[in-house]
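Notes follow once the structure below has been shown.
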Amino acid sequence: MHNTPAPTPAIPGWRLIVSDTGRYWAIRNRAFPRVALRAGVEPAVDADTFEEVQAAVAEQEEKARAAVAAAEKTAVAAAETTGPVS
């Protein structure tokens, strides 16, 4: 019987690094939209456990979605108030 190592955990869209001290780092593979970065979204997070870094990634992804949605809502509202361009 062979002992096979446990599969390395993964977070889709993020590069996961485990330091030699066991700390987890996740770095987003693609840049967040500028509006998300301006809203304070972080493209790199770290934590003591995989579960914690996974939660930190989920938090950043949600913040990015919210920032993009807010920017789109603002753009639509602005377009509605200015009317058509002549």
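Those residues that are free of Cβ contacts under 8 Å to residues at least 12 places away in the same chain and surrounded by 10 or more Cβ atoms within 10 Å (Cβ to Cβ), I need them from the range 19-38; list them, please.
Within the range 19-38, Arg34, Leu37 meet the criteria.
Return the pair list, or none, for Cβ contacts closer than 6 Å from residues in the range 39-57 that are among the aromatic types (Phe, Trp, Tyr) to residues that are buried (at least 18 other Cβ atoms within 10 Å of the Cβ), at least 6 apart or on different chains.
These pairs meet every condition: Phe50/Tyr24.
Only the coordinates and a few stated rules stand behind these numbers; no lab work does. The model shown is predicted, which means the values in this text are computed figures rather than measured ones. Cβ sites come from the backbone with ideal geometry, for glycine too, and all protein chains shown count toward neighbours.
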